[in-house]
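Below: the structure, in structure tokens.
The values are calculated or read from the model by the stated rules, or taken from the named source; none is laboratory data. Keep in mind that what you see is a predicted model, and the values were worked out from it rather than measured. Cβ placement follows ideal geometry from the backbone for every residue including glycine, while neighbour counts extend to all protein chains displayed.
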Ligand SMILES: C[S@@+](CC[C@H](N)C(=O)[O-])C[C@H]1O[C@@H](n2cnc3c(N)ncnc32)[C@H](O)[C@@H]1O
């Protein structure tokens with residue numbers, strides 16, 4: 001799907017918080033080679049550069065639009081940006097830190113992917129990942145319900161989440177790990193304005209479905225989805241809309 005940097009950054013605060021929570025749990029002192037997988041517009045990559053200024057840091061993403069926004073933010077030589085599909089990417093040399101915030105849920109076969117990532121770490125290296133685990137929430141189930149009249153076109157675009165439960169990642173990573181920290185947090189996100197949950201999903205899961213329809217069909221699909229969301233996430237008397245959002249965190253350090 002085509003990522004829109006300006007849409008994505010509309011909720012920058014809510015999207016940055018889990019990255020900061022993940023960063024806080026990484027105890028690597030001086031990782032020399034760091035890769036930010038699915039770096040997007042580079043907001044978090046720049047935080048990595050600030051925390052480890054001596055490291056060689058590469059932001060990897062498959063979206064030219066997101067990388068253009070990352071490059072446009074102007075960081076001098078602090079970060080290298082690389083256009084690549086993570087499904088086939090491997091670091092040119094073993095990495096000391098593989099970091100990924102809100103990106104790996106776009107890739108399938110997590111058993112294979114996570115084994116491949118830990119195998120790409122240098123001895124003592126760290127894999128640190130945050131992914132949404134919110135697929136059973138109304139933000140997704142309402143999308144599937146609203147898609148029913150156009151199921152031939154939209155059904156195949158409703159991708160089942162590849163994200164497993166915490167025990168799944170434990171079982172995949174434990175044989176390789178010297179230290180393993182896995183946890184979930186549900187953030188009670190306070191959104192404002194009209195149809196805020198639709199505006200949230202529009203820059204992520206909704207985008208391929210909205211792109212697949214046009215004209216009256218698109219309008220009808222979005223209107224039905226918006227109505228379902230308004231019922232599932234009613235606006236409070238103070239004008240805010242509560243959007244609980246569960247995220248899964250993994251920090252795995254491999255053996256020396
Ligand atoms: C939700 S954004 C997260 C961006 C950034 N990590 C952040 O925290 O702001 C997801 C990013 O993953 C990238 N992405 C999705 N699938 C990818 C793939 N197969 N290879 C590389 N990047 C991918 C998208 O282009 C997008 O920039």
By residue number, the members of the stretch 201-226 that are surrounded by fewer than 14 Cβ atoms within 10 Å (Cβ to Cβ) and in a helix (DSSP H, G or I) are 211, 215, 216, 219, 223
Would you mention how many residues in the stretch 43-64 are more than 8 Å from the ligand (Cβ to nearest atom) and either at positive phi or in contact with a helix residue (DSSP H, G or I) (Cβ under 9 Å, 6 or more places away or on another chain) (or both)?
8
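Condition check ((1) over 18 Å from the mean Cα position of the chain (by Cα); (2) modelled with pLDDT under 95) across all residues:
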position: 77; (1), (2): yes, yes
position: 103; (1), (2): no, no
position: 107; (1), (2): no, no
position: 122; (1), (2): yes, no
position: 139; (1), (2): no, no
position: 144; (1), (2): yes, no
Kindly check whether there is at least one residue in the stretch 23-40 that is in a strand (DSSP E or B), crowded, with 21+ Cβ neighbours inside 10 Å, at pLDDT 95 or above and over 14 Å from the mean Cα position of the chain (by Cα).
yes
Can you tell me which of 195, 238 is surrounded by fewer than 18 Cβ atoms within 10 Å (Cβ to Cβ) and modelled with pLDDT of 95 or more?
238
Suppose the filter is modelled with pLDDT of 95 or more and farther than 21 Å from residue 98 by Cα; does residue 174 pass it?
no
What is the residue count in the stretch 197-224 for residues that are over 24 Å from the mean Cα position of the chain (by Cα) and in contact (Cβ under 8 Å) with a residue 40 or more places away in the chain?
5
Go through the stretch 77-196 and tell me which strands (runs of 3 or more DSSP E), entirely inside it, have 3 or more residues that are touching a residue at least 60 places away in the same chain (Cβ under 8 Å) and away from the ligand (no atom under 15 Å from the Cβ).
121-132, 177-191
Considering only the stretch 41-71, how many residues are within 14 Å of residue 81 (Cα to Cα), part of a loop (DSSP other than H, G, I, E, B) and free of Cβ contacts under 8 Å to residues at least 40 places away in the same chain?
3
Only one of (1) modelled with pLDDT under 95; (2) more than 9 Å from the ligand (Cβ to nearest atom); (3) part of a loop (DSSP other than H, G, I, E, B); (4) surrounded by 14 or more Cβ atoms within 10 Å (Cβ to Cβ) does not apply to residue 3, and that is (2)
